[in-house]
């Protein structure tokens, strides 16, 4: 059997269950139409903008709530008296860069450029965390050695978008589901590279001897924390993610469902990351530790596993 067919993914980044609706309804009621708002146009729109951005940052927000908040905001902007408003915050929201090289190397290069730009940023923002930089270097090294690729043979499974594969003694590489290209094409390499950083973090930890095949949750918490740090470099205010969810999760979007699912996944990382609740995140995504060491019965270099 080939290396790939012997690989068992201990922790899929985006398993189907993780992408399912968490079943938690946002407790705020659907807001009334914007015409019912009694405050002045500037104040009303600013309030609804804040409400919409808060709702978008919460992955547990129901679609009905999202649609209601969007209706209240956009309805207010479209009113005649709103036409003269030049400082509406939504109009200044940062939008994601949707450009893509349509390749794995594009993911690695884009995340590297983002990290490098942050290093030389002259504003008050802190420089990229060392563990994030180390993760990127680990991913780049694998890519340079031809060990980061798309799974064109569909061996990862439909619900798995990425995995770091390894044996007890060495890395096999990083593999992305071939459908991940669709996410790149719709959202761009900027956001899609978050997954590359996540898997690269596993490679970093493996090289340091800190990736334990039994302790799945520990490994995922470390990788998600690194991924969150990358997302904060890309989108420090959460506006790009909010804008993307408004545009790619609406009922009439032409984007495949996978794109909205991915954005919801990133929203979960951001939501739990802001609170530093990594235990809550991995629990929400359904990760479980292994009762036994999967390498205990490995008999050769081809007996691999993955995170």
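FYI, it's all coordinate maths here, none of it is from the lab. Remember, it's a predicted structure, so these values are computed and weren't measured experimentally. Virtual Cβ from ideal backbone geometry, glycine too; neighbours counted across all protein chains shown.
The C-alpha atoms of the range 243-299 occupy a region whose extents along the principal axes are 50, 30, 13 Å, arranged from largest to smallest.
At full extension, residue 168 and residue 116 could sit 15.5 nm farther apart than now, given 0.36 nm per residue minus the alpha carbon distance. Placing R0 at 35 angstrom, the Cβ-Cβ distance between residue 289 and residue 54 gives a FRET efficiency of 0.55 after rounding to 0.05. Here the spin labels are modelled as points 7 Å beyond Cα on the Cα-Cβ line, and at residue 109 and residue 94 they lie 2.2 nm apart. When the Cα convex hull of the range 123-248 is projected onto planes of every orientation, the mean area is 8.8 nm².
Note on the range 134-264: antiparallel DSSP beta bridges, both residues inside, total approximately 55 percent of the bridges counted. With 0.36 nm allotted per residue and the present C-alpha distance subtracted, the residue 208-residue 154 stretch has 16.4 nm of extension available.
In this simple spin-label approximation, residue 252 and residue 145 carry label points 7 Å from Cα along the Cα→Cβ vector, and these lie 5.1 nm apart. When each of the peptides 241-249, 287-295 is scored by the mean number of other C-beta atoms lying within 10 Å of its residues, the order from highest to lowest reads 241-249, 287-295. A crude spin-label estimate for the pair residue 102 and residue 182, with each label 7 Å from Cα along the Cβ direction, gives 1.6 nm. Sorted on the mean count of surrounding Cβ atoms within 10 Å across their residues, most packed first, peptides 211-224, 108-121 read 211-224, 108-121.
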